[in-house]
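In what follows, a single structure is set out as structure tokens and then discussed.
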Amino acid sequence: MNAPLRPEPADTRAESPAESKVMWGIGFKVASVCVFVAMSSLLKASEGIPLGELVFFRSFFAIFPVIFYLAVTHQLSGVFHTQERLSHVWRGLVGVSAMCCSFYALTKLPLPEAIAINYASPLFVVVFSAILLHETVRIYRWSAVVIGLIGVMVILWPRLSVFSSGEIGMEETVGAISALAGAVLSAIAMLLVRRLVQTERTPTIVIYFSITSSVIALFTLPFGWVMPTPAQALMLVGAGFAGGIAQIFLTQCYRYAEMSTIAPFEYTSMLLGLAIGYLIFGDVPTVEMLIGGVVVIGAGIFIIYREHQLAVAERNRRALSAGRMS
């Protein structure tokens with residue numbers, strides 16, 4: 001759901017392969033992961049705030065750091081120009097639905113568990129790319145998807161056992177199902193973004209998503225928004241700013257390293273989630289969550305590796321074809 005503002009290709013000058021360049025890219029990626037986890041923690045700590053209100057604060061206050069960044073980097077000109085307004089609305093509707101599911105899961109599940117289930121999103125991207133976009137997905141990636149989904153079921157199973165044993169609270173079960181639904185909707189949102197980037201500037205996509213999701217969230221106002229306490233208001237505004245700042249860090253990381261290099265560092269959020277969940281929220285990870293999380297992470301890393309291999313093979317094929325034509 002969180003796409004970089006303006007993903008630029010890694011610098012191909014002589015010094016670009018240098019370790020320092022790659023380390024900067026990794027550093028910005030890890031920074032974005034840390035801030036996104038902080039955002040999730042602030043939302044989880046804002047107990048008692050309705051979902052629509054959470055979505056509004058997360059979306060609206062993210063606009064300010066993003067606008068500031070675009071102004072400083074001279075990307076603000078024409079950022080609101082678009083010919084795909086309806087597509088932005090659809091992307092906003094799907095994104096808001098994904099956020100509602102994910103935020104509900106945050107309020108009902110341990111932080112690392114909610115994070116781990118969200119790792120299923122790239123797996124669903126592969127599935128939907130094959131089904132909806134008719135992309136070719138070969139046995140290696142299908143195998144990784146199946147193994148990854150088995151890992152998700154390992155995480156979910158103790159929560160789903162409420163239907164047979166009744167030992168787990170119903171709210172936690174619904175939270176687990178919501179987390180999975182959020183991962184599915186996030187995957188659909190990624191496909192919508194993939195279509196939008198063919199005709200729209202990335203800053204335009206980000207700005208319109210924040211605006212659209214803020215407006216959509218306002219429609220939930222009659223359904224029981226509450227006046228936050230000063231502490232809650234501070235956390236909600238902080239979560240919004242954190243979302244925008246994390247977006248900026250995510251943008252920067254792609255200037256220094258290839259996506260295949262930095263993508264696996266997304267999974268550092270699991271370690272942060274475990275630490276914050278235990279130290280702040282008193283969440284003790286279950287064996288099922290740890291085993292399932294490792295399986296899902298492994299499947300995700302394999303898919304990233306396979307995508308990188310295919311991209312390299314395609315570039316080599318094109319270069320060879322161009323050489324023959326010349």
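Overview of results
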quantity: Neighbour cut-off at most 13 other Cβ (10 Å), DSSP loop, GluC sites (Glu not before Pro), the stretch 275-316; calculated: none
quantity: Whole-Å distance, taken between Cα centres, linking the stretch 56-129 and the stretch 268-289; calculated: 23 Å
quantity: Under 21 Å from LYS21, Cα to Cα: lysines that are on another chain or at least 8 residues apart; calculated: LYS29
quantity: Mean Kyte hydropathy of 1.0 or more with a Cα span along the axis of at least 27 Å, helices from DSSP in the chain; calculated: 19-45, 139-160, 170-196, 230-253
quantity: Percent carbon-and-sulfur accessible area, the stretch 79-235, ignoring ligands, DNA and RNA, probe 1.4 Å; calculated: 70 percent
quantity: The stretch 102-146: trypsin sites (Lys or Arg not before Pro) in DSSP loop, at most 11 other beta carbons within 10 Å; calculated: ARG138
quantity: Size of electric dipole in the chain: Cβ of Lys, Arg +1 and of Asp, Glu -1, about Cα centre, debye, nearest 20; calculated: 1040 debye
quantity: Linear extension gain, MET227 paired with VAL127, 0.36 nm per residue minus alpha-carbon span; calculated: 31.9 nm
quantity: Stretch in the chain that is longest and holds no chymotrypsin sites (Phe, Trp or Tyr not before Pro) that DSSP places in a loop and that have at most 12 other beta carbons within 10 Å; calculated: 81-218
quantity: Kirkwood Rh and Cα Rg combined as Rg over Rh, evaluated for the stretch 30-186; calculated: 1.02
quantity: Straight-distance crosslink candidates among lysines, where the alpha carbon sits under 26 Å from LYS108 and sequence neighbours closer than 8 are dropped; calculated: LYS44
quantity: The chain - accessible surface per residue (Å², probe 1.4 Å); calculated: 50 Å²
quantity: As computed over the chain, the Cα convex hull volume per residue (Å³); calculated: 161 Å³
quantity: log₁₀ of I(q)/I(0) at q = 0.11, 0.19, 0.23 Å⁻¹ - the stretch 83-161, Debye sum with one point per alpha carbon; calculated: -0.40, -0.98, -1.11
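The values are calculated or read from the model by the stated rules, or taken from the named source; none is laboratory data. Computed from a prediction, not measured in an experiment: that's the story for all the values here. Every residue, glycine as well, gets a Cβ built from its backbone with ideal geometry; the counts of neighbours run over all protein chains shown. Each accessible area value is taken on the protein alone, full model and side chains, heavy atoms only, with ligands, DNA and RNA left out. Shrake-Rupley method; radii C 1.70, N 1.55, O 1.52, S 1.80 Å.
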